[in-house]
Amino acid sequence: MTMHITGTREEWLAARLDLLAEEKELTRQSDMLAERRRALPWVRIDKDYRFETAKGSASLADLFNGRSQLLIYHFMFGPDYTAGCPSCSSIADGFNGVVVHLENHDVAFNAVSRAPLPKLEAFKERMGWTFDWASSFGSDFNLDFSVLFTEQQQREGGIEYNYRREPPAPKAAGQSVQEWKLRGSETPVGQIAAMTGTDVATYTRDRPGISAFVLKDGVVYHTYSSYARGVDGIWGVYQWLDRAPLGRNEQGIWWRLHDEYGQG
């Protein structure tokens, strides 16, 4: 027998109309926030960032691929990872099919990660993705856009991510992936780190995010970046779960790379 409140169709409709009013207000607020994002000042990019792509070496301007706007997903895939971050991979499953629509609306799209290009290309093929994925290996790009941090920053509390300074990482974060596996990888971050073949410290030196750029009169400008829960809005599976009867209904890390479900 269900413990959830039940009611008649008329009672459901009355409650739904109350909720609809709040949903409409949230939509209006979302539209206002989007307008404020667009109103942010543009910051000129003068550094010559270089990327390795399937088409060869590329500059940041090259990633626009003839378009005036560029969206970048900062995908957590460091040089020491053996697989992409499962959270980023779940997000990528959602945006993979969207890219063609962006490209036909004057918006270029690229995922960018620090892993060498061959490693990214192999994982992309495994996942069946088609979006452009550039390697920033050896570049300052990830550092400058606050999605890469050093061991020293972790130890000393010098990480500023999502516009906030983090405390020093606990010593346990330095344990090896083998130690985490022996202990059952019981923490959520430990479980995810193990899925990428790394330890917690190595895994968390890379971070996720979204950055936007515009190309005007041959000059690239940075217009927007968002991190952490700011990426939640493009994580498609959660938008669906938020509308499911039980919502997100999470108890620990439940998602996997899409070809690893059912493997125990």
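The numbers here are math on the coordinates, done by the rules we state, and not lab data. No experiment lies behind these values; they were computed from the predicted model shown. Backbone-built Cβ (ideal geometry, glycine too); neighbour counts: all protein chains shown.
Quick rundown of the values:
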read-out	value
Under 25 Å, Cα to Cα: Lys pairs in the chain, sequence gap 8 or more or different chains	7
Within a Gaussian network of the chain (alpha carbon springs, distance under 10 Å), most fluctuating of R44, R114, R164	R164
Sequence of H105, H222 once ranked by neighbouring C-beta atoms within 10 Å, starting from the fewest	H105, H222
Size of charge dipole - the range 104-171 - debye, nearest 20, with Cβ of Lys, Arg +1 and Asp, Glu -1, no other charges	320 debye
With at most 10 other Cβ atoms within 10 Å, longest stretch of the chain clear of loop chymotrypsin sites (Phe, Trp or Tyr not before Pro) (DSSP)	1-253
